[in-house]
1. Gaussian network model of the chain, Cα springs within a sub-10 Å range: biggest mean-square fluctuation belongs to which of 108, 227, 76?
2. Given a Förster distance of 35 Å, report the FRET efficiency between residue 62 and residue 272 from their Cβ-Cβ distance, rounded to the nearest 0.05.
3. Rg(Cα) of segment 16-141 divided by 2.2 N^0.38 Å?
4. Looking at the chain, send over the antiparallel percent of its DSSP beta bridges, to the nearest 5.
5. Please determine, in degrees from 0 to 90 and to the nearest 10, the orientation of helix 64-73 with respect to the longest principal axis defined by the Cα atoms of the chain, where the helix direction is its Cα long axis.
6. Using a Förster distance of 45 angstrom, determine the FRET efficiency expected from the C-beta separation of residue 163 and residue 3, and round it to 0.05.
7. In degrees, nearest 10, range 0 to 90: what is the angle between the Cα axis of helix 121-135 and the longest Cα principal axis of the chain?
8. Which value, in nm² and rounded to one decimal, describes the direction-averaged projected area of the C-alpha convex hull of segment 204-248?
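Any read-out appearing in this document is the output of simple, stated calculations on the displayed coordinates, not a laboratory observation. No experiment lies behind these values; they were computed from the predicted model shown. All Cβ positions, even for glycine, are placed from backbone atoms using ideal geometry, and neighbour counts span all protein chains on display.
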Ligand SMILES: C[S@@+](CC[C@H](N)C(=O)[O-])C[C@H]1O[C@@H](n2cnc3c(N)ncnc32)[C@H](O)[C@@H]1O
C-alpha cells in the first residue's frame with residue numbers, strides 16, 4: 001500500500017491526472033477516497049512518489065495502468081429497474097407510442113443509448129421490459145428486433161461484467177423481482193445467475209469515455225444518461241449536454257438521473273412529464289439567422 005502521508009504535497013497532481021483520465025474532479029478533501037481506491041494500484045507499481053506514478057501511467061502504451069486507475073476511481077453502483085418510475089413510463093407510455101409508430105410504418109427503427117451503463121443492469125432492464133411487453137401481445141408492432149440498444153461505459157471491469165451477463169446473489173438482489181429472475185435468468189453455478197442469451201444479444205456494449213466525441217455513434221430516439229452527471233464539473237456537464245443534444249433528433253428523449261434535474265439547455269430541450277417521469281424532449285434545431 002502506498003504511503004499517502006509522505007506524498008501529500010503531490011496530491012493535486014494526482015487529482016489533476018484523475019480528472020484528465022475520467023473527468024472525475026475531486027478536491028483535496030477527498031484524499032481518503034483516493035487513498036482507499038488507488039493505494040494498492042500505486043503500491044503495486046513500486047514507485048516512491050506520485051510524479052513517478054503519473055509518469056509510468058502516461059508512458060504505459062498498453063493502457064493497462066490507466067484502466068486500473070479508471071476502474072478504481074469510478075463508482076459502478078447500479079441496480080435493476082433503478083428508480084421504478086422511468087420503467088413505468090416506458091411500459092405505459094413510450095412502448096405504446098413506439099409500437100404505434102412501428103406498426104404504422106412511420107418508423108422502422110428505434111435507437112436507444114444507455115450512456116454510463118456500468119455493469120449492465122440498466123440496458124438489460126430496458127431489454128427485459130421490452131421483450132416482456134412485446135411477447136405479451138399487448139402492443140402489436142412492438143418488435144424487439146426493431147430496437148437497437150447501445151450501452152457504453154468508461155470502466156473496462158464494469159463492461160466485462162456487463163457483457164458476460166452473469167451476476168452474483170447480491171447483484172441479483174438489487175432491484176430484481178422474482179418475476180424477472182425466473183423468466184430471464186438461470187443459476188448456472190451456485191450463487192451465479194446467467195442472463196438469457198436472447199436478452200444479452202439485444203444490447204451492444206462499447207467502451208467509451210463521455211469526454212470523447214459522441215457524434216460518431218449516430219442519432220438516438222432515447223438517451224439514458226443517469227447517475228453520472230453528479231460526478232462531473234458544471235463546465236463539463238454543460239458541454240456534455242450540448243453533445244447529447246446533438247445526437248438526439250427533434251422529438252427524441254433524454255432521461256437523466258432522479259437527482260440530476262436539468263435547469264440549463266432550454267435551447268435544446270423542453271421538460272416533458274411522461275407518466276410520472278420527467279424526460280427532456282429535444283426541441284427542433286433553430287436555423288442560424
Ligand atoms: C453510478 S454508475 C450509474 C450506472 C447507471 N447509469 C445507473 O444509473 O444505475 C456511474 C457509471 O458512470 C461511469 N462513468 C464515470 N465517468 C465516466 C465517463 N467519463 N465516461 C463514461 N462513463 C463514465 C462509471 O464507470 C459508472 O459505471
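1. Per the Cα network of the chain with a 10 Å cutoff, 108 tops the list.
2. So the FRET efficiency works out to roughly 0.20.
3. 1.58
4. Around 45 percent of the beta bridges assigned by DSSP in the chain are antiparallel ones.
5. Helix 64-73 and the main axis of the chain meet at about 70 degrees.
6. Plugging the Cβ-Cβ distance into 1/(1 + (r/R0)^6) gives 0.75.
7. The two axes meet at around 10 degrees.
8. The Cα convex hull of segment 204-248, projected and averaged over all directions, gives 3.4 nm².
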